[in-house]
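Everything below concerns the one structure shown next.
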Amino acid sequence: MSADIEPSVAQMAGAWACAVCAEPGSHASPQQLQPVLVEIIERLLLLARSEPFPVPEARMLGARLVEAPFERTRMLAQATRWLLGFPAGATGSLVATRWPLVASQAIDSYAQALQERALAQQKQDLSAAVSLRVQEITALQHRLRHEATHDALTDLANRTLLQDKVRLMAADPNRGVGLLVVDLDRFKQINDSYGHAVGDEVLVELARRLREICLPDPDTVICRYGGDEFVLATNPYHDTLGDIAHRIVAALRDPVWSTAGPVPVSASVGTAYCPPGDSCDFTDLLRLADHAMYSAKTAGGRRFALAETDKPEIKAVAG
């Protein structure tokens, strides 16, 4: 590059860089942009002197205007004005004649690169929006499935989920199926004396206690079967329903601390067990457990009964 051209290149590049950085939203400094602009302009001037006409090289230089440090600038109008307006040489010289063609190729390539980057960003934004929407739909489907299979008050399983789980348990030939029917004693008196809102507090707290009892066994399903009645389904290798029933009666006899103060509670529990390999009918098993629960309630409540025979064995819990 001749000495008389170099000062005008540096001067133009500096003015161009300052103009770009003065635009709103620009995140670059003139010190970052000027040396790169000087390099691009000087190389374009060399191409204007070259044979044959260097279109690909000029376009490559124009595309550099979307790369660092220009990636966060918008200067298509600036590039057009400064490059086409640059006095590349004496009027009529080879450089001056060719310069508009070389500069136009660089500007056109820059515009194309900007468009491609905008399309790529749009595609990325669209992909992100679609991904977010898919996540939202998946979360909504999960919530709807959960609401369709769980009780709204206690968040325990409902009857539909309970029956589905029992069917799966019955398909295991190596493990039995056990049901425990839990019915609160004198729950109507709680609603009548304290109000239904407190009654709901009691149900939520007792649901929490049932979860605590069954926490070590993830296979156990706890269902709010209706009103103040809960049903637990478990899939033990051996009949351990008596131990579980004992823990339930013990855990559900402590008062519930509500917004109205302590509320006395207790429960009656009935169990029924289908050994491994036997045909397990949910309705029959539930009927046996329910019959055992009523036997415990008739005997005074606060106890459990095992439906291991035609006549349920009633057991009170000490304390």
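The values are calculated or read from the model by the stated rules, or taken from the named source; none is laboratory data. What you are looking at is a predicted structure, and each value in this text was computed from that prediction instead of being measured. Here the Cβ is made from the backbone with ideal geometry for all residues, glycine too, and neighbour counts use every protein chain on show. When the accessible area is computed, the model is the full protein with side chains, heavy atoms only, and any ligands, DNA or RNA have been set aside. Shrake-Rupley method; radii C 1.70, N 1.55, O 1.52, S 1.80 Å.
Details
- Heavy-atom accessible area ranking, 1.4 Å probe, most first, across Glu71, Glu212: Glu212, Glu71
- Of the whole protein surface, His291 contributes about 100 Å² of accessible area at a 1.4 Å probe radius.
- Sulfur and carbon atoms: percent of accessible area, the stretch 161-319 [1.4 Å]: 52
- Partnerless Cys - the chain, beta-carbon criterion under 4.7 Å: Cys18, Cys21, Cys214, Cys223
- Residues Ala19 and Leu94, FRET efficiency given R0 of 35 Å [Cβ-Cβ distance, rounded to 0.05]: 0.75
- Taken about its Cα centre, the stretch 185-285 carries a charge dipole of roughly 340 debye when the Cβ of each Lys and Arg holds +1 and the Cβ of each Asp and Glu holds -1.
- Here the dipole of the chain is about 480 debye; that uses its Cα centre as origin and unit charges on the Cβ of Lys and Arg (positive) and Asp and Glu (negative).
- Counted residue by residue at 0.36 nm each, then reduced by the alpha carbon distance between them, the extension gain from Asp219 to Thr160 reaches 19.6 nm.
- Choice from Gln31, Gln163, Gln141 with maximal GNM fluctuation in the chain (Cα, 10 Å cutoff): Gln31
- Percent of C-alpha pairs per 5 Å bin, the stretch 11-55, short to long: 5, 23, 23, 16, 13, 11, 8, 2, 0
- Shape class of the stretch 1-75 from the Cα gyration tensor (axes a ≥ b ≥ c, square roots of the eigenvalues): oblate, since a/c reaches 1.5 or more and a/b does not exceed b/c.
- Sequence of Leu126, Leu140 from largest to smallest accessible area, 1.4 Å probe: Leu126, Leu140
- His142-His27 pseudo-label distance in nm [points 7 Å out on the Cα-to-Cβ vector]: 3.2
- Measuring between their Cα centroids, the stretch 54-131 and the stretch 192-269 lie 73 Å from each other.
- Our estimate of slack between Ser279 and Ala250, defined as 0.36 nm per intervening residue step minus the Cα-Cα distance, is 7.2 nm.
- Counting charges near Ser266 (Lys, Arg +1; Asp, Glu -1) among other residues having Cβ under 11 Å from its Cβ returns a value of +2.
- Sorting Arg209, Arg117, Arg43 by accessible area puts them as Arg43, Arg117, Arg209; the probe is 1.4 Å, largest comes first, and only protein heavy atoms count.
- Normalised contact order of the chain, rounded percent, pairs of Cα under 8 Å and 6 or more residues apart: 13
- For the stretch 188-319, the square roots a ≥ b ≥ c of the C-alpha gyration tensor eigenvalues yield an a/c of 1.5 or more together with a/b exceeding b/c, which makes the shape prolate.
- Based on protein heavy atoms only, the chain ends up with 54 Å² per residue of surface accessible to a 1.4 Å probe.
- Relative contact order (percent, whole number), the stretch 159-229, Cα cutoff 8 Å, 6+ residue spacing: 43
- Exposure of Arg302 as accessible area (Å², to 10), given a probe of 1.4 Å and all protein chains: 90
- Estimated D of the stretch 73-134 in µm² per second, where Rh is the Kirkwood radius over Cα pairs and Stokes-Einstein applies at 20 °C, 1.002 mPa s: 154
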